[in-house]
1. Tell me which residues, restricted to the range 39-73, are open to solvent by 50 Å² or more (accessible area, probe 1.4 Å) and charged (D, E, K, R).
2. Only residues that are in a helix (DSSP H, G or I) and either more than 12 Å from the chain's Cα centre (by Cα) or β-branched (Val, Ile, Thr) (or both): list them for the range 70-81, please.
Amino acid sequence: MLDFLLESNIKQSTIDELQKECSDNIQYSLNCNEYEIKKIITFLNKIGVNCIDNILIDYHEFFLSSYKDFVNRFKNYKLEPLVEMINADYNNVFKQLIELES
């Protein structure tokens, strides 16, 4: 169901982990959001994020949003230092982004 992620250079092991850890409903939602997810992954690649597979596994809820909403989360930050922080430890950064939504 999530094989479309291979087209965005997501590892098969990441897809396997998502299928193992995510409910059928989440997998279905991810599949339905294929177009937006591909755009989000392209954006993350373009700005230099190198841990997209890990983010997808641990914070898949971010990939259920629209591309526009996802990108808007980054507008309050300078991209270069943010990308460095994400690549160093994506958990802290994405936890902060979650808190901003609350």
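1. Result: Lys39, Lys46, Asp58, Glu61, Lys68, Asp69.
2. Pass one, the range 70-81, residues in a helix (DSSP H, G or I): 70-72, 79-81.
Once the filter is applied, which keeps residues that are in a helix (DSSP H, G or I) and either more than 12 Å from the chain's Cα centre (by Cα) or β-branched (Val, Ile, Thr) (or both), the range 70-81 yields Val71, Asn72, Leu79, Glu80, Pro81.
The values are calculated or read from the model by the stated rules, or taken from the named source; none is laboratory data. On a predicted model such as this, the values are computed, not experimentally measured, just so you know. Ligands, DNA and RNA are excluded from the accessible area calculation, which covers all protein heavy atoms including side chains. Shrake-Rupley method; radii C 1.70, N 1.55, O 1.52, S 1.80 Å.
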